[in-house]
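See below for the structure under consideration.
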Amino acid sequence: MARTLVTPIQKRFSDVDPFQHVNNVSQQMYFDVGKMEYYDRVLGGADALLGDLRIVTVSTSTSYMGQVRMTDPVRITTTCERVGNKSLTLFQQLLVGDEVRSESRSVMVVFDFPNQCSRPVPDEWREHLTAE
């Protein structure tokens, strides 16, 4: 399996509901923070992703296994689980200590914005995504 990147998360007061739980929507934003750091560190960030080819989310599935509270130290793990012809699948977990509190799978497609169509995953991206 490809490398796993760990991203510590800084929670905000607005992430918490009246019951002192971190809102599920906020947890999804934490996964997005993990994705952005993953793209930055693995694919080279803005230089690789702000050209004509970009990565677009086409599907996300999230499971919630436990509560996350404001005082919990949270980190996100992100791994590229699969690289297909035109897509890639990221698997992420939200951890408090060693306990998984939620996890998410996102299918991303390489999209050519000027031509408005999907494209194959570039070989350079594939090499970086599958490196150990």
Which listed residue is among the aliphatic types (A, V, I, L, M), within 16 Å of the chain's Cα centre (by Cα) and more than 19 Å from His128 (Cα to Cα), from Leu94, Leu43, Leu5, Leu90: Leu94
Flagged in the range 64-92 as in a strand (DSSP E or B) and farther than 23 Å from Tyr39 by Cβ, in numbering order, are Tyr64, Arg69
Please find, among Asp32, Asp98, the residue that is surrounded by 13 or more Cβ atoms within 10 Å (Cβ to Cβ) and without any contact (Cβ under 8 Å) to a residue 12 or more places away in the chain. Asp32
Restricting to the range 108-132, count the residues that are surrounded by 17 or more Cβ atoms within 10 Å (Cβ to Cβ) and either of a type in the set (Val, Ile, Thr) or in a strand (DSSP E or B) (or both). 5
Any residue in the range 51-76 that's within 24 Å of Gln10 (Cα to Cα): show its pairings with residues that are acidic (Asp, Glu) at Cβ separation under 8 Å, as long as the two are six or more apart or on different chains. Thr62/Glu103; Ser63/Glu103; Met65/Glu103; Gly66/Glu99; Met70/Asp15
Restricting the first residue to the range 5-20 and requiring it to be among the hydroxyl-bearing types (Ser, Thr, Tyr), which pairs with a second residue that is in a loop (DSSP other than H, G, I, E, B) and at pLDDT 90 or above meet a Cβ separation below 9 Å and a spacing of at least six or different chains? Ser14/Asn23
Answer yes or no: is there a residue in the range 65-73 that is crowded, with 18+ Cβ neighbours inside 10 Å, within 15 Å of the chain's Cα centre (by Cα) and either at pLDDT 95 or above or of a type outside the set (Val, Ile, Thr) (or both). no
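The values are calculated or read from the model by the stated rules, or taken from the named source; none is laboratory data. What you are looking at is a predicted structure, and each value in this text was computed from that prediction instead of being measured. Note: ideal-geometry Cβ built from the backbone for every residue, glycine included; neighbour counts use all protein chains shown.
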